[in-house]
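Before any comments, here is the structure.
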Amino acid sequence: MGTVEIYIKEAVNKEFETDENNETKNEVVYTSSVDPTYEGAVNACRAAARAALAGNIQTNVAELVKRSLNSEQVSMKSAEGINQTITAGKQLIAQKISMEDIYVFYREVKDERDGKTLIEVEYAGCYNRKLALLKAREYIREQMKDEAEELHKDLDRIFKLDE
């Protein structure tokens, strides 16, 4: 098995790794970029991965809130407050979560317009899904600390995470 296959296999293994409750442990983000420099392309990939992480946080929290709202575990007011807070703060939350580089592949390509050499990068990174949700809960609590104690109980019911 070649080196590329080993890295791709590691990414797939990370993506499908489960915890003791048989829930997905990691989220893997794949991005690509082209830039005149290797550093520029890699930084663009990492920035795109961070943006994807932020979007995933918002989606995951919205899903948890919707499920809890449907089962009448939280009030509509709490649900709206949580969703608004997560929408406003998803980028800040994403910056508090460490991402692990799984692989960074690159190759040189020629710009079809002017023939200059560009660097194309394929990137895969992962982060711990539970940690991301814990950071989201922590952020929401901090932002909404003036809200009623009911919100904190709703958050615990929504996230169902043991610290």
- Note on the structure: Quick count over segment 45-101, residues being hydroxyl-bearing (Ser, Thr, Tyr) and at pLDDT 90 or above, is 4
- Note on the structure: Restricted to segment 95-136 and to residues being under 24 Å from ASP35 (Cα atoms) and crowded, with 20+ Cβ neighbours inside 10 Å, the residue nearest to the chain's Cα centre (by Cα) is CYS126
- Item | Sole exception among (1) more than 15 Å from TYR123 (Cα to Cα); (2) touching a Ser or Thr at 6+ places or on another chain (Cβ under 9 Å); (3) surrounded by 12 or more Cβ atoms within 10 Å (Cβ to Cβ) for ALA48, by number | (1)
- Query: Does at least one position in segment 23-41 carry a residue that is under 24 Å from GLU108 (Cα atoms), assigned to a helix (DSSP H, G or I), in contact with an Asp or Glu (Cβ under 7 Å, 6 or more places away or on another chain) and not polar (S, T, N, Q)?
  - Reply: yes
- Test: residue in segment 137-151 that is farther than 18 Å from ALA62 by Cβ, of a type in the set (Lys, Arg) and in contact (Cβ under 8 Å) with a residue 40 or more places away in the chain: no
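If we scan segment 42-49, do we find a residue that is within 30 Å of ARG141 (Cβ to Cβ), of a type in the set (Lys, Arg), in contact with a strand residue (DSSP E or B) (Cβ under 6 Å, 6 or more places away or on another chain) and assigned to a helix (DSSP H, G or I)?
Checked segment 42-49: no residue is within 30 Å of ARG141 (Cβ to Cβ), of a type in the set (Lys, Arg), in contact with a strand residue (DSSP E or B) (Cβ under 6 Å, 6 or more places away or on another chain) and assigned to a helix (DSSP H, G or I).
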- Which residues, counting only those in segment 6-34, are of a type in the set (Gly, Ala, Ser) and either within 18 Å of the chain's Cα centre (by Cα) or modelled with pLDDT under 95 (or both)? ALA11, SER32
- Of all residues in segment 85-103, which are out of contact with any strand residue (DSSP E or B) (no Cβ under 6 Å at 6 or more places or on another chain) and of a type in the set (Ser, Thr, Tyr)? THR85, THR87, SER98
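The values are calculated or read from the model by the stated rules, or taken from the named source; none is laboratory data. For clarity, every value in this text was computed on a predicted model and none was experimentally measured. Positions of Cβ are backbone-derived with ideal geometry, glycine not excepted, and every protein chain shown enters the neighbour counts.
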